[in-house]
Amino acid sequence: MNRRNFLCASCGVSALTLFGSAGAQSEWKPPARFSRPDIGSDEGGLWALMDREETRLRRSPFVIRDARLNTYIQGVACKLAGAHCPDIRVQIVHTPLFNASMAPNGLMQVWSGLLLRVESEAQLAAVLGHEIGHYMQRHAVEQLRDLRARSAFGQFLGLFGLVGAIGRLATLAGAFSFSQEQERDADRISIELMRGAGYDVTEAAKVWENLLLEVKARPGGDTARNPMFATHPPPAERREMLAKMAAEAAAGISGEAEWKAVFKPFVQEFLKDEIQLGQHDESLALFTRMIARDAAQPMLLFARAEIYRTRGKDNDLEMAITDYAAAATLGNEPPEVHRGLGLIYRTRKQFAESRDSFTRYLERMPEAPDAAMIKSYLEEMKS
């Protein structure tokens, strides 16, 4: 028996108890595996479309092909999906935004920005379980029928050819924006799938809370105007529902240590991706939360210092110097710590400190992409 089938066999899901919108209990059973629909049907056409886009996606340079990470995330999906495991194919996409989605044909996309934000395997399971919930309930097919009823599907297909593989899949996800009731269904199913797989279901609410903090951190951070929050139930309602379901669940595992071990090789790269987004306020909220959990990580301190330096508000440069210095004190800091300090000191005309910092940077990273520019700064400061 291969690993995927073993996982399916070990985590089959029986009948689950869910709460309806009015709080009444109702029994929900996972559906049987889906057969491929007739190509002449609306759903069959959608499957064929997604199959073509999946083929394109697999060839994309943005797909992360690390075997250990892929096996791990596929395994989490399989623990949740039970008998549907053989039909689910996870693709990890190097895109620094919080997103996961699942197509009716079983293709699941997980973006790198999501992986940076989850703190444990259970939190990852909460997001994957939510997408599997949409898949099991055939919500995308319901939305397809609605598009057909509104004569909007042809317009959607016309747009589909204008973007690349990842863009087309994102366009598809956007076209099938789910209703708040469908989002509630997916939340409830996610909690029950987590419970069935033995996860700590209290971790589900934390994902949403953390994302909410980032959205609120941006100027005018009104969740009602945010596209992601607009289609989901109100945050207070969602917190209450998730807390109620978690209170009735048995204790489970968080898998924090396991997730950290698998994700560790990607932290530096994904942090740099986040820095380059230029969404300073949201990134500060994210990095501050990460530092609160693990302050002894020089890469995290460097990342927050970079945001302070590039944002440049009020006391930001002082805050950047503090974080850069703390990272250097811990040791094993990224060489760019000294580059950042050198740039700040140069701006302040503290040339001796700037020279020292730039020299350390070039000693640590002589082949840096910006080495020529830094050398020109050093020459400039000689005079």
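Can you compute 3J(HN,Hα) from phi for each residue in region 286-297, using the Karplus curve 6.51 cos²θ - 1.76 cosθ + 1.60 with θ = phi - 60°, rounded to whole Hz and x for Gly and Pro?
5, 5, 5, 5, 5, 5, 4, 7, 8, 6, 8, 10
Quick check on region 271-383: what does the Kirkwood estimate of hydrodynamic radius come out to from the alpha carbon pairs, in Å?
Averaging 1/r across every pair of different Cα atoms and inverting gives 14.2 Å.
Amide H neighbours of residue 201 under 5 Å, at least 5 residues apart or on other chains, H built in the peptide plane: list them.
When sequence neighbours closer than 5 places are left aside, the close amide H contacts are 252.
Amide H of residue 63 versus every other amide H placed in the peptide plane: which residues, excluding those fewer than 5 positions away on the same chain, fall under 5 Å?
Amide H neighbours of residue 63: 94.
Scaled to the compact-protein estimate 2.2 N^0.38 Å, what is the alpha-carbon radius of gyration of region 41-117, rounded to two decimal places?
Dividing the Cα Rg of region 41-117 by 2.2 N^0.38 Å gives 1.11.
Amide H neighbours of residue 350 under 5 Å, counting only residues 5+ apart in sequence or on other chains, H built in-plane at 1.01 Å?
none
³J(HN,Hα) across region 68-80 via Karplus (A = 6.51, B = -1.76, C = 1.60, θ = phi - 60°), whole Hz, x for Gly/Pro?
Karplus-based 3J(HN,Hα) across region 68-80 equals 5, 5, 5, 4, 5, 5, 4, x, 4, 4, 5, 4, 7 Hz.
How would you rank 192-198, 214-220, highest first, on the average number of other Cβ atoms within 10 Å across their residues?
Highest mean packing first, the order is 192-198, 214-220.
What order do you get for 295-302, 33-40, 358-365 when each peptide is scored by the mean count of other beta carbon atoms within 10 Å, highest first?
Those peptides, ordered most packed to least, come out 295-302, 358-365, 33-40.
Per residue of region 45-56, what does 6.51 cos²θ - 1.76 cosθ + 1.60 with θ = phi - 60° give for ³J(HN,Hα)? Whole Hz please, x for Gly and Pro, Karplus curve as stated.
Computed from phi, the couplings for region 45-56 are x, 5, 4, 4, 4, 5, 4, 5, 5, 5, 4, 5 Hz.
Count the net charge of all other residues whose Cβ sits under 14 Å from the Cβ of residue 63, scoring Lys and Arg as +1 and Asp and Glu as -1.
Charge balance in the 14 Å sphere: +2.
Quick one: if you stick a label point 7 Å off each Cα along the C-beta vector at residue 59 and residue 179, how many nm between them?
Modelled inter-label distance: 3.9 nm.
Read-outs throughout are calculated quantities, based only on the coordinates presented, and are distinct from any laboratory measurement. It should be emphasised that the depicted structure is a prediction, and the values quoted were computed from it without experimental measurement. Positions of Cβ are generated from backbone atoms using ideal geometry, with glycine treated the same way; all protein chains shown enter the neighbour counts.
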